[in-house]
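Structure first, then comments.
The values are calculated or read from the model by the stated rules, or taken from the named source; none is laboratory data. Since this is a predicted model, take the numbers as computed values, not measurements. FYI the Cβ positions are ideal-geometry reconstructions off the backbone, even for glycines, and counts take in every protein chain you see. Surface areas here come from the heavy atoms of the whole protein model, side chains and all, with no ligands, DNA or RNA. Shrake-Rupley method; radii C 1.70, N 1.55, O 1.52, S 1.80 Å.
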Amino acid sequence: MSTAPEREQAATTRSYARSQAVVDREAAAVSDVMKIRFYPFVPVSGQGTRVVDADGNAYLDFIAAAGVAQVGYGHPHIRQAVVQQLDTLSTAMHCCHPSTVATELAERLCGLVPGDFPKKAWFGTTGSDANDCLSRLLPMATGRRRLITYVGSYHGQTTGSALMSGHQTQATVIGLGNVTKVPYPDPYRCLHGPCSREGCSLRCLEHVERYALETVSPAADTAAIVIEAVQSDGGDIVPPANYLPALRELCDRHGVWLVFDEVKTGLGRTGRMFAFEHSDVVPDAVALGKPVGGGLPLSAVVGRRELLDVATYDLFTLGGSPVPCAAGMAMLDVLAAEDLVANAAARGAELLAGFEALQQRHELIGDVRGRGLILGIELVTDRATRTPAATDAHRLAYRLFELGLITIYTGLYGNVIELTPPLTITSAEVDEALGMFDRALSDVAAGRFDDAKLAPYAGW
Ligand code: PMP
(Lines give C-alpha, C1' and ligand atoms only; values in the text may rest on other atoms or scores of the structure.)
Protein backbone atom coordinates (compact mmCIF):
# COMPACT_ATOMS: atom_id res chain seq x y z
CA MET A 1 0.00 0.00 0.00
CA SER A 2 1.37 3.41 -0.94
CA THR A 3 1.40 6.46 1.32
CA ALA A 4 -0.07 9.84 0.31
CA PRO A 5 3.33 11.47 -0.51
CA GLU A 6 4.36 8.39 -2.52
CA ARG A 7 1.13 8.57 -4.49
CA GLU A 8 1.62 12.27 -5.15
CA GLN A 9 5.14 11.63 -6.36
CA ALA A 10 3.94 8.75 -8.54
CA ALA A 11 1.12 10.85 -10.01
CA THR A 12 3.49 13.55 -11.20
CA THR A 13 6.03 11.14 -12.67
CA ARG A 14 3.69 8.75 -14.43
CA SER A 15 4.08 8.40 -18.15
CA TYR A 16 1.30 7.23 -20.47
CA ALA A 17 3.34 7.08 -23.69
CA ARG A 18 2.89 3.36 -24.36
CA SER A 19 -0.77 3.50 -23.38
CA GLN A 20 -1.29 6.44 -25.74
CA ALA A 21 0.30 4.45 -28.56
CA VAL A 22 -2.29 1.69 -28.03
CA VAL A 23 -5.08 4.29 -27.94
CA ASP A 24 -3.84 5.70 -31.28
CA ARG A 25 -3.60 2.29 -32.95
CA GLU A 26 -7.01 1.36 -31.63
CA ALA A 27 -8.49 4.58 -33.01
CA ALA A 28 -7.63 3.41 -36.51
CA ALA A 29 -8.79 -0.20 -36.14
CA VAL A 30 -11.62 -0.53 -33.63
CA SER A 31 -15.11 0.80 -34.17
CA ASP A 32 -15.88 3.97 -32.24
CA VAL A 33 -19.42 2.80 -31.45
CA MET A 34 -18.04 0.36 -28.89
CA LYS A 35 -16.02 2.89 -26.92
CA ILE A 36 -16.75 4.86 -23.76
CA ARG A 37 -13.54 6.52 -22.60
CA PHE A 38 -12.66 8.46 -19.46
CA TYR A 39 -8.83 8.67 -19.50
CA PRO A 40 -5.92 6.97 -21.30
CA PHE A 41 -6.04 3.73 -19.32
CA VAL A 42 -4.80 0.59 -21.10
CA PRO A 43 -4.77 -2.30 -18.61
CA VAL A 44 -2.40 -5.12 -19.47
CA SER A 45 -2.33 -7.21 -16.29
CA GLY A 46 -4.25 -7.59 -13.07
CA GLN A 47 -4.04 -9.51 -9.82
CA GLY A 48 -6.58 -9.28 -7.03
CA THR A 49 -7.71 -5.65 -6.78
CA ARG A 50 -4.65 -4.22 -8.59
CA VAL A 51 -4.14 -3.61 -12.29
CA VAL A 52 -1.11 -2.43 -14.26
CA ASP A 53 -1.25 -0.42 -17.49
CA ALA A 54 0.85 -0.60 -20.66
CA ASP A 55 3.38 1.83 -19.14
CA GLY A 56 3.80 -0.19 -15.96
CA ASN A 57 1.73 2.20 -13.80
CA ALA A 58 -0.12 0.40 -10.99
CA TYR A 59 -3.71 1.10 -9.95
CA LEU A 60 -6.22 0.10 -7.33
CA ASP A 61 -9.26 -0.91 -9.37
CA PHE A 62 -12.57 0.26 -7.91
CA ILE A 63 -14.55 -0.60 -11.03
CA ALA A 64 -13.43 -4.21 -11.58
CA ALA A 65 -14.24 -4.15 -15.30
CA ALA A 66 -17.80 -2.93 -14.55
CA GLY A 67 -18.27 -5.46 -11.80
CA VAL A 68 -17.11 -8.47 -13.82
CA ALA A 69 -13.97 -9.14 -11.74
CA GLN A 70 -16.21 -9.96 -8.78
CA VAL A 71 -13.54 -11.90 -6.87
CA GLY A 72 -10.63 -9.86 -8.24
CA TYR A 73 -8.35 -10.49 -11.20
CA GLY A 74 -6.63 -13.83 -11.76
CA HIS A 75 -8.19 -15.72 -8.86
CA PRO A 76 -6.34 -19.07 -8.65
CA HIS A 77 -9.52 -21.11 -8.12
CA ILE A 78 -11.12 -19.69 -11.27
CA ARG A 79 -7.89 -20.19 -13.19
CA GLN A 80 -7.75 -23.82 -12.13
CA ALA A 81 -11.40 -24.43 -13.11
CA VAL A 82 -10.87 -22.81 -16.52
CA VAL A 83 -7.71 -24.79 -17.26
CA GLN A 84 -9.34 -28.04 -16.14
CA GLN A 85 -12.42 -27.42 -18.32
CA LEU A 86 -10.25 -26.46 -21.31
CA ASP A 87 -8.30 -29.67 -20.89
CA THR A 88 -11.47 -31.77 -20.58
CA LEU A 89 -13.93 -30.27 -23.07
CA SER A 90 -12.85 -26.90 -24.39
CA THR A 91 -16.13 -26.01 -26.05
CA ALA A 92 -19.51 -27.48 -26.83
CA MET A 93 -22.74 -26.65 -28.60
CA HIS A 94 -25.09 -26.63 -25.66
CA CYS A 95 -28.10 -25.87 -27.83
CA CYS A 96 -27.78 -29.26 -29.56
CA HIS A 97 -25.95 -31.43 -27.01
CA PRO A 98 -26.64 -31.47 -23.25
CA SER A 99 -23.84 -30.15 -21.05
CA THR A 100 -23.06 -31.36 -17.55
CA VAL A 101 -21.38 -28.15 -16.44
CA ALA A 102 -24.16 -25.88 -17.77
CA THR A 103 -26.75 -28.11 -16.08
CA GLU A 104 -24.87 -27.93 -12.78
CA LEU A 105 -24.66 -24.14 -12.98
CA ALA A 106 -28.38 -23.93 -13.87
CA GLU A 107 -29.25 -26.06 -10.83
CA ARG A 108 -27.10 -23.88 -8.63
CA LEU A 109 -28.51 -20.57 -9.90
CA CYS A 110 -32.10 -21.85 -9.59
CA GLY A 111 -31.29 -22.75 -5.99
CA LEU A 112 -29.89 -19.29 -5.25
CA VAL A 113 -32.84 -17.27 -6.60
CA PRO A 114 -35.63 -17.09 -3.99
CA GLY A 115 -39.15 -18.26 -4.85
CA ASP A 116 -41.10 -21.28 -3.76
CA PHE A 117 -42.02 -22.40 -7.28
CA PRO A 118 -40.36 -24.42 -10.06
CA LYS A 119 -37.59 -22.46 -11.78
CA LYS A 120 -35.30 -22.92 -14.74
CA ALA A 121 -32.28 -21.12 -16.17
CA TRP A 122 -31.45 -19.90 -19.70
CA PHE A 123 -27.90 -19.04 -20.78
CA GLY A 124 -26.56 -16.39 -23.14
CA THR A 125 -23.27 -14.59 -23.40
CA THR A 126 -23.79 -11.02 -22.12
CA GLY A 127 -26.22 -9.03 -19.98
CA SER A 128 -27.86 -7.52 -23.05
CA ASP A 129 -28.91 -10.86 -24.51
CA ALA A 130 -30.35 -11.97 -21.16
CA ASN A 131 -32.65 -8.93 -21.15
CA ASP A 132 -33.31 -9.41 -24.84
CA CYS A 133 -34.43 -12.95 -24.08
CA LEU A 134 -36.78 -11.57 -21.42
CA SER A 135 -38.21 -9.06 -23.91
CA ARG A 136 -39.21 -12.02 -26.12
CA LEU A 137 -40.28 -14.59 -23.53
CA LEU A 138 -42.29 -12.35 -21.18
CA PRO A 139 -44.99 -11.44 -23.74
CA MET A 140 -45.20 -15.05 -24.94
CA ALA A 141 -45.51 -16.50 -21.43
CA THR A 142 -48.13 -14.03 -20.24
CA GLY A 143 -50.07 -13.37 -23.43
CA ARG A 144 -49.59 -9.65 -22.66
CA ARG A 145 -47.67 -7.49 -25.11
CA ARG A 146 -46.28 -4.65 -22.99
CA LEU A 147 -43.49 -4.02 -20.51
CA ILE A 148 -42.90 -1.23 -18.01
CA THR A 149 -39.31 -0.21 -17.31
CA TYR A 150 -37.61 2.84 -15.80
CA VAL A 151 -36.15 6.11 -17.01
CA GLY A 152 -32.41 5.88 -16.39
CA SER A 153 -32.32 2.08 -16.61
CA TYR A 154 -29.67 0.39 -18.72
CA HIS A 155 -30.60 -3.09 -19.88
CA GLY A 156 -28.26 -3.48 -22.84
CA GLN A 157 -27.56 -2.71 -26.47
CA THR A 158 -29.12 -5.59 -28.40
CA THR A 159 -32.41 -4.44 -29.90
CA GLY A 160 -34.82 -5.83 -27.31
CA SER A 161 -32.71 -4.83 -24.32
CA ALA A 162 -32.00 -1.38 -25.77
CA LEU A 163 -35.72 -0.77 -26.28
CA MET A 164 -36.23 -1.66 -22.62
CA SER A 165 -33.55 0.81 -21.51
CA GLY A 166 -34.46 4.33 -20.40
CA HIS A 167 -30.87 5.52 -20.62
CA GLN A 168 -29.30 8.14 -22.87
CA THR A 169 -27.63 5.36 -24.89
CA GLN A 170 -31.10 4.18 -25.93
CA ALA A 171 -31.74 7.43 -27.79
CA THR A 172 -29.75 6.10 -30.75
CA VAL A 173 -31.86 2.96 -31.17
CA ILE A 174 -34.37 3.21 -33.97
CA GLY A 175 -37.59 1.28 -33.56
CA LEU A 176 -40.73 1.18 -31.50
CA GLY A 177 -41.34 -1.19 -28.66
CA ASN A 178 -44.29 -1.72 -26.39
CA VAL A 179 -42.25 -0.41 -23.49
CA THR A 180 -43.41 2.39 -21.18
CA LYS A 181 -40.73 4.10 -19.10
CA VAL A 182 -41.69 5.43 -15.70
CA PRO A 183 -39.63 7.54 -13.26
CA TYR A 184 -37.18 5.62 -11.06
CA PRO A 185 -37.67 6.28 -7.34
CA ASP A 186 -34.74 8.61 -6.66
CA PRO A 187 -34.68 9.94 -3.08
CA TYR A 188 -32.14 12.65 -4.02
CA ARG A 189 -33.99 13.94 -7.07
CA CYS A 190 -37.61 13.07 -6.36
CA LEU A 191 -40.10 14.89 -8.60
CA HIS A 192 -42.92 14.56 -6.09
CA GLY A 193 -41.50 16.46 -3.14
CA PRO A 194 -39.54 15.44 -0.06
CA CYS A 195 -38.40 11.84 -0.17
CA SER A 196 -36.21 9.78 2.09
CA ARG A 197 -34.29 6.56 1.71
CA GLU A 198 -35.91 5.23 4.87
CA GLY A 199 -39.33 5.47 3.26
CA CYS A 200 -41.62 7.88 1.46
CA SER A 201 -45.19 8.48 0.31
CA LEU A 202 -44.49 6.64 -2.97
CA ARG A 203 -46.29 9.13 -5.19
CA CYS A 204 -44.13 7.85 -8.05
CA LEU A 205 -45.68 4.41 -7.66
CA GLU A 206 -49.10 5.99 -7.81
CA HIS A 207 -47.96 7.33 -11.18
CA VAL A 208 -47.29 3.76 -12.34
CA GLU A 209 -50.69 2.52 -11.19
CA ARG A 210 -52.92 5.48 -12.00
CA TYR A 211 -51.20 6.64 -15.17
CA ALA A 212 -49.17 3.92 -16.87
CA LEU A 213 -51.32 0.90 -16.05
CA GLU A 214 -54.53 2.73 -16.92
CA THR A 215 -53.45 4.47 -20.10
CA VAL A 216 -50.41 3.68 -22.23
CA SER A 217 -49.72 0.26 -20.73
CA PRO A 218 -53.08 -1.18 -19.62
CA ALA A 219 -52.64 -3.70 -16.80
CA ALA A 220 -54.43 -6.43 -18.75
CA ASP A 221 -51.85 -6.07 -21.52
CA THR A 222 -48.74 -5.57 -19.34
CA ALA A 223 -46.54 -8.65 -19.02
CA ALA A 224 -44.03 -7.36 -16.47
CA ILE A 225 -42.34 -4.49 -14.74
CA VAL A 226 -38.58 -4.79 -15.12
CA ILE A 227 -36.45 -2.93 -12.58
CA GLU A 228 -32.90 -2.71 -11.23
CA ALA A 229 -33.01 -2.92 -7.41
CA VAL A 230 -30.15 -0.39 -7.47
CA GLN A 231 -30.28 1.61 -10.71
CA SER A 232 -26.63 1.41 -11.68
CA ASP A 233 -25.92 3.21 -14.96
CA GLY A 234 -28.70 5.68 -14.11
CA GLY A 235 -26.55 6.91 -11.21
CA ASP A 236 -26.32 4.12 -8.62
CA ILE A 237 -29.66 5.09 -7.14
CA VAL A 238 -30.96 3.20 -4.13
CA PRO A 239 -34.78 3.33 -3.97
CA PRO A 240 -36.63 4.19 -0.74
CA ALA A 241 -36.94 1.19 1.56
CA ASN A 242 -40.69 0.78 1.01
CA TYR A 243 -40.65 1.02 -2.80
CA LEU A 244 -39.89 -2.56 -3.89
CA PRO A 245 -42.28 -4.26 -1.42
CA ALA A 246 -45.03 -1.87 -2.60
CA LEU A 247 -44.12 -2.54 -6.23
CA ARG A 248 -44.39 -6.31 -5.63
CA GLU A 249 -47.79 -5.78 -4.07
CA LEU A 250 -48.93 -3.59 -6.98
CA CYS A 251 -47.74 -6.21 -9.51
CA ASP A 252 -49.61 -8.96 -7.64
CA ARG A 253 -52.78 -6.89 -7.60
CA HIS A 254 -52.68 -6.54 -11.38
CA GLY A 255 -51.31 -9.97 -12.30
CA VAL A 256 -48.16 -8.32 -13.67
CA TRP A 257 -44.82 -10.12 -13.23
CA LEU A 258 -41.94 -8.43 -11.42
CA VAL A 259 -38.56 -8.97 -13.02
CA PHE A 260 -35.18 -7.79 -11.70
CA ASP A 261 -32.20 -6.87 -13.83
CA GLU A 262 -29.38 -8.00 -11.52
CA VAL A 263 -26.72 -7.94 -14.25
CA LYS A 264 -24.54 -5.54 -12.25
CA THR A 265 -25.90 -5.95 -8.72
CA GLY A 266 -26.33 -9.74 -8.60
CA LEU A 267 -24.21 -12.47 -7.02
CA GLY A 268 -23.10 -10.78 -3.84
CA ARG A 269 -22.18 -7.24 -4.85
CA THR A 270 -24.70 -5.51 -2.58
CA GLY A 271 -23.92 -7.57 0.53
CA ARG A 272 -26.73 -10.00 -0.26
CA MET A 273 -26.76 -12.56 -3.03
CA PHE A 274 -29.22 -10.33 -4.97
CA ALA A 275 -29.97 -6.64 -4.47
CA PHE A 276 -33.74 -7.27 -4.30
CA GLU A 277 -33.16 -9.40 -1.18
CA HIS A 278 -32.60 -6.20 0.82
CA SER A 279 -36.33 -5.63 0.31
CA ASP A 280 -37.54 -9.19 0.97
CA VAL A 281 -39.36 -9.47 -2.33
CA VAL A 282 -39.56 -12.56 -4.52
CA PRO A 283 -39.03 -12.01 -8.26
CA ASP A 284 -40.74 -13.86 -11.10
CA ALA A 285 -37.50 -13.76 -13.08
CA VAL A 286 -33.98 -12.36 -12.80
CA ALA A 287 -31.43 -11.36 -15.47
CA LEU A 288 -27.79 -12.07 -14.64
CA GLY A 289 -24.60 -11.16 -16.47
CA LYS A 290 -21.20 -9.58 -15.77
CA PRO A 291 -19.74 -11.78 -12.95
CA VAL A 292 -21.88 -14.88 -13.61
CA GLY A 293 -19.21 -16.35 -15.91
CA GLY A 294 -16.37 -15.72 -13.47
CA GLY A 295 -14.95 -13.13 -15.90
CA LEU A 296 -15.78 -15.01 -19.12
CA PRO A 297 -18.73 -14.21 -21.41
CA LEU A 298 -21.89 -15.67 -19.89
CA SER A 299 -25.34 -14.43 -18.95
CA ALA A 300 -28.42 -16.06 -17.53
CA VAL A 301 -32.11 -15.63 -16.99
CA VAL A 302 -33.47 -17.49 -13.98
CA GLY A 303 -37.20 -17.55 -13.43
CA ARG A 304 -40.52 -19.30 -13.41
CA ARG A 305 -40.52 -22.54 -15.34
CA GLU A 306 -43.55 -21.46 -17.41
CA LEU A 307 -41.54 -18.44 -18.59
CA LEU A 308 -38.37 -20.32 -19.45
CA ASP A 309 -40.23 -23.16 -21.21
CA VAL A 310 -42.63 -21.04 -23.23
CA ALA A 311 -41.00 -21.36 -26.65
CA THR A 312 -38.43 -23.21 -28.68
CA TYR A 313 -35.36 -21.81 -30.42
CA ASP A 314 -34.36 -18.97 -28.12
CA LEU A 315 -30.75 -19.98 -28.21
CA PHE A 316 -27.21 -18.99 -29.09
CA THR A 317 -24.36 -21.29 -30.17
CA LEU A 318 -22.10 -20.14 -27.32
CA GLY A 319 -24.80 -19.61 -24.68
CA GLY A 320 -23.85 -21.74 -21.67
CA SER A 321 -20.48 -22.69 -23.15
CA PRO A 322 -18.57 -25.05 -20.81
CA VAL A 323 -15.54 -22.89 -19.95
CA PRO A 324 -17.56 -19.81 -18.83
CA CYS A 325 -19.93 -22.12 -16.92
CA ALA A 326 -16.99 -23.78 -15.12
CA ALA A 327 -15.54 -20.35 -14.32
CA GLY A 328 -18.94 -19.22 -13.04
CA MET A 329 -19.18 -22.25 -10.74
CA ALA A 330 -15.68 -21.51 -9.45
CA MET A 331 -16.65 -17.86 -8.84
CA LEU A 332 -19.63 -19.00 -6.74
CA ASP A 333 -17.31 -21.36 -4.81
CA VAL A 334 -14.97 -18.45 -4.04
CA LEU A 335 -17.85 -16.24 -2.88
CA ALA A 336 -18.79 -18.91 -0.34
CA ALA A 337 -15.29 -20.05 0.67
CA GLU A 338 -14.00 -16.52 1.29
CA ASP A 339 -17.26 -15.19 2.77
CA LEU A 340 -17.25 -12.42 0.20
CA VAL A 341 -20.92 -11.48 0.36
CA ALA A 342 -20.39 -10.56 4.02
CA ASN A 343 -17.16 -8.76 3.05
CA ALA A 344 -19.11 -6.73 0.48
CA ALA A 345 -21.54 -5.64 3.22
CA ALA A 346 -18.77 -4.77 5.70
CA ARG A 347 -16.42 -2.97 3.29
CA GLY A 348 -19.40 -1.23 1.68
CA ALA A 349 -20.44 0.15 5.08
CA GLU A 350 -16.88 1.41 5.66
CA LEU A 351 -16.82 3.10 2.25
CA LEU A 352 -20.21 4.72 2.78
CA ALA A 353 -19.18 6.05 6.19
CA GLY A 354 -15.89 7.29 4.70
CA PHE A 355 -17.69 9.15 1.91
CA GLU A 356 -20.16 10.63 4.39
CA ALA A 357 -17.15 12.01 6.27
CA LEU A 358 -15.65 13.38 3.03
CA GLN A 359 -19.02 14.97 2.21
CA GLN A 360 -18.68 17.07 5.41
CA ARG A 361 -15.48 18.61 4.05
CA HIS A 362 -16.03 18.68 0.29
CA GLU A 363 -18.87 20.89 -0.96
CA LEU A 364 -18.78 19.17 -4.34
CA ILE A 365 -20.32 16.00 -2.92
CA GLY A 366 -24.08 16.39 -3.02
CA ASP A 367 -25.04 12.82 -2.16
CA VAL A 368 -23.43 9.50 -1.30
CA ARG A 369 -25.36 6.26 -1.54
CA GLY A 370 -24.92 2.59 -2.13
CA ARG A 371 -25.63 -0.95 -1.13
CA GLY A 372 -22.60 -3.02 -0.24
CA LEU A 373 -20.00 -2.57 -2.96
CA ILE A 374 -21.98 -0.59 -5.48
CA LEU A 375 -21.77 3.07 -4.58
CA GLY A 376 -22.58 6.39 -6.23
CA ILE A 377 -20.94 9.69 -5.29
CA GLU A 378 -23.07 12.44 -6.84
CA LEU A 379 -21.35 15.77 -7.48
CA VAL A 380 -23.21 19.08 -7.55
CA THR A 381 -22.17 22.68 -8.16
CA ASP A 382 -24.54 23.87 -5.44
CA ARG A 383 -26.04 21.77 -2.66
CA ALA A 384 -29.18 23.91 -2.43
CA THR A 385 -30.12 23.63 -6.12
CA ARG A 386 -28.49 20.20 -6.57
CA THR A 387 -27.24 21.32 -9.99
CA PRO A 388 -25.25 18.41 -11.48
CA ALA A 389 -21.48 19.03 -11.61
CA ALA A 390 -20.76 16.87 -14.64
CA THR A 391 -17.46 18.46 -15.67
CA ASP A 392 -16.17 18.18 -12.12
CA ALA A 393 -17.06 14.46 -12.15
CA HIS A 394 -15.06 14.08 -15.36
CA ARG A 395 -12.12 15.94 -13.78
CA LEU A 396 -12.39 13.87 -10.62
CA ALA A 397 -12.37 10.51 -12.41
CA TYR A 398 -9.34 11.64 -14.43
CA ARG A 399 -7.50 12.96 -11.36
CA LEU A 400 -8.19 9.73 -9.47
CA PHE A 401 -6.77 7.83 -12.43
CA GLU A 402 -3.61 9.95 -12.22
CA LEU A 403 -3.35 9.21 -8.51
CA GLY A 404 -3.79 5.47 -9.15
CA LEU A 405 -7.48 4.74 -8.59
CA ILE A 406 -9.77 3.44 -11.34
CA THR A 407 -13.35 4.76 -11.25
CA ILE A 408 -15.84 5.90 -13.88
CA TYR A 409 -18.68 8.41 -13.93
CA THR A 410 -22.24 7.56 -14.80
CA GLY A 411 -25.83 8.77 -14.26
CA LEU A 412 -28.26 10.68 -16.44
CA TYR A 413 -26.18 13.84 -16.05
CA GLY A 414 -22.75 12.15 -16.00
CA ASN A 415 -22.09 13.58 -12.52
CA VAL A 416 -22.02 10.40 -10.43
CA ILE A 417 -18.76 8.61 -9.68
CA GLU A 418 -19.53 4.89 -9.66
CA LEU A 419 -17.66 2.39 -7.52
CA THR A 420 -17.93 -1.37 -8.02
CA PRO A 421 -14.68 -2.79 -6.62
CA PRO A 422 -13.94 -6.51 -6.37
CA LEU A 423 -15.71 -8.12 -3.41
CA THR A 424 -12.27 -9.09 -2.07
CA ILE A 425 -11.22 -5.55 -1.08
CA THR A 426 -9.75 -5.01 2.37
CA SER A 427 -10.22 -2.22 4.93
CA ALA A 428 -6.72 -0.97 4.08
CA GLU A 429 -7.74 -0.64 0.41
CA VAL A 430 -10.90 1.20 1.45
CA ASP A 431 -8.72 3.70 3.36
CA GLU A 432 -6.31 3.99 0.45
CA ALA A 433 -9.15 4.80 -1.97
CA LEU A 434 -10.71 7.31 0.42
CA GLY A 435 -7.32 9.03 0.76
CA MET A 436 -7.06 9.37 -3.01
CA PHE A 437 -10.61 10.76 -3.19
CA ASP A 438 -9.77 13.33 -0.50
CA ARG A 439 -6.77 14.52 -2.46
CA ALA A 440 -8.49 14.49 -5.86
CA LEU A 441 -11.56 16.33 -4.57
CA SER A 442 -9.31 19.08 -3.14
CA ASP A 443 -7.43 19.35 -6.44
CA VAL A 444 -10.60 19.61 -8.52
CA ALA A 445 -12.23 22.13 -6.17
CA ALA A 446 -9.06 24.28 -6.19
CA GLY A 447 -8.83 24.21 -10.00
CA ARG A 448 -5.59 22.19 -9.92
CA PHE A 449 -6.54 20.32 -13.08
CA ASP A 450 -5.74 21.04 -16.71
CA ASP A 451 -9.02 20.71 -18.64
CA ALA A 452 -7.14 20.18 -21.90
CA LYS A 453 -6.61 16.58 -20.76
CA LEU A 454 -10.35 15.95 -20.89
CA ALA A 455 -10.75 16.92 -24.54
CA PRO A 456 -10.49 13.40 -26.03
CA TYR A 457 -12.56 11.83 -23.25
CA ALA A 458 -16.29 12.36 -23.45
CA GLY A 459 -17.25 9.45 -21.19
CA TRP A 460 -20.89 8.46 -21.70
N1 PMP B 1 -28.15 -4.55 -17.30
C2 PMP B 1 -27.46 -3.80 -16.44
C3 PMP B 1 -28.07 -3.43 -15.14
C4 PMP B 1 -26.18 -3.36 -16.76
O5 PMP B 1 -25.48 -2.60 -15.90
C6 PMP B 1 -25.63 -3.72 -18.03
C7 PMP B 1 -24.25 -3.26 -18.43
N8 PMP B 1 -23.87 -2.04 -17.96
C9 PMP B 1 -26.39 -4.53 -18.87
C10 PMP B 1 -27.64 -4.94 -18.48
C11 PMP B 1 -25.86 -4.96 -20.20
O12 PMP B 1 -24.84 -5.89 -20.01
P13 PMP B 1 -23.75 -6.18 -21.15
O14 PMP B 1 -23.03 -4.90 -21.41
O15 PMP B 1 -22.89 -7.24 -20.55
O16 PMP B 1 -24.47 -6.67 -22.35
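For the reader, a short list of remarks on this structure follows.
- For the chain: accessible area per residue (Å², 1.4 Å): 41 Å²
- The alpha carbon convex hull volume per residue for region 397-457 rounds to 94 Å³.
- Under 5 Å, built H, 5+ apart or other chain: amide partners of S45: V52
- Rounded to 5, the percent of DSSP beta bridges in the chain classed as antiparallel: 70 percent
- Sorting I36, I377 on solvent-accessible area from highest to lowest, probe radius 1.4 Å, gives I36, I377.
- Surface/4 estimate of mean projected area, convex hull on alpha-carbon atoms of region 26-76, nm²: 4.3 nm²
- Compared with the alpha-carbon gap, the fully stretched path from E107 to R203 is longer by 30.6 nm at 0.36 nm per residue.
- Over region 127-276: Kirkwood hydrodynamic radius from C-alpha pairwise inverse distances, Å: 15.4 Å
- Model label zone, T317; criterion: amide N under 20 Å from point 7 Å along Cα-to-beta-carbon; scope region 136-171: 158-159
- Within the chain, helices built from complete DSSP H runs that reach 15 Å or longer along their own axis (Cα positions) and carry a mean Kyte-Doolittle hydropathy of -1.0 or higher are 17-29, 76-88, 100-112, 127-142, 243-254, 322-337, 340-361, 390-403, 427-445.
- Relative contact order (%) - the chain, alpha-carbon pairs under 8 angstrom, separation at least six: 21 percent
- Kirkwood estimate for region 188-317, i.e. one over the average of 1/r between Cα atoms, Å: 16.1 Å
- Projected-area mean, region 274-332, by convex hull of Cα positions, square nanometres: 4.7 nm²
- Normalised size of region 295-367, defined as Cα radius of gyration per 2.2 N^0.38 Å with N residues, equals 1.78.
- Kirkwood estimate for region 129-170, i.e. one over the average of 1/r between Cα atoms, Å: 10.3 Å
- Euclidean distance of C-alpha centroids, region 342-364 and region 28-100, integer Å: 28 Å
- One quarter of the surface of the convex hull around the alpha-carbon atoms of the chain equals 21.4 nm², the direction-averaged projected area.
- Principal axis analysis of the Cα atoms in region 59-109 yields extents of 43, 23, 17 Å, listed in decreasing size.
- Think of it this way: in the chain, C95, C96, C110, C133, C204, C251, C325 stand alone, with no other Cys Cβ under 4.7 Å.
- Taking a point 7 Å from the Cα of E26 along the Cα-to-Cβ direction, the residues of region 44-67 with backbone N closer than 11 Å to it are 44, 54.
- Here the ratio of the Cα radius of gyration of region 1-140 to 2.2 N^0.38 Å is 1.44.
- Here the convex hull built on the C-alpha positions of region 89-161 has a volume of 148 cubic angstrom per residue.
- Straight-distance crosslink candidates among lysines, where the alpha carbon sits under 20 Å from K35 and sequence neighbours closer than 8 are dropped: K264, K290, K453
- Ligands, DNA and RNA left out, the 1.4 Å accessible surface of region 54-196 is 57% carbon and sulfur atoms.
- Cα pair count fraction exceeding 25 Å, expressed as % - region 310-460: 40 percent
- Residue order for Y457, Y73, Y243 - accessible surface, 1.4 angstrom probe, largest first: Y73, Y457, Y243
- About its Cα centre, region 232-365 has a charge dipole of approximately 100 debye under the convention of +1 per Lys or Arg Cβ and -1 per Asp or Glu Cβ, with nothing else charged.
- Convex hull volume of the C-alpha atoms in region 207-273, normalised per residue: 104 Å³.
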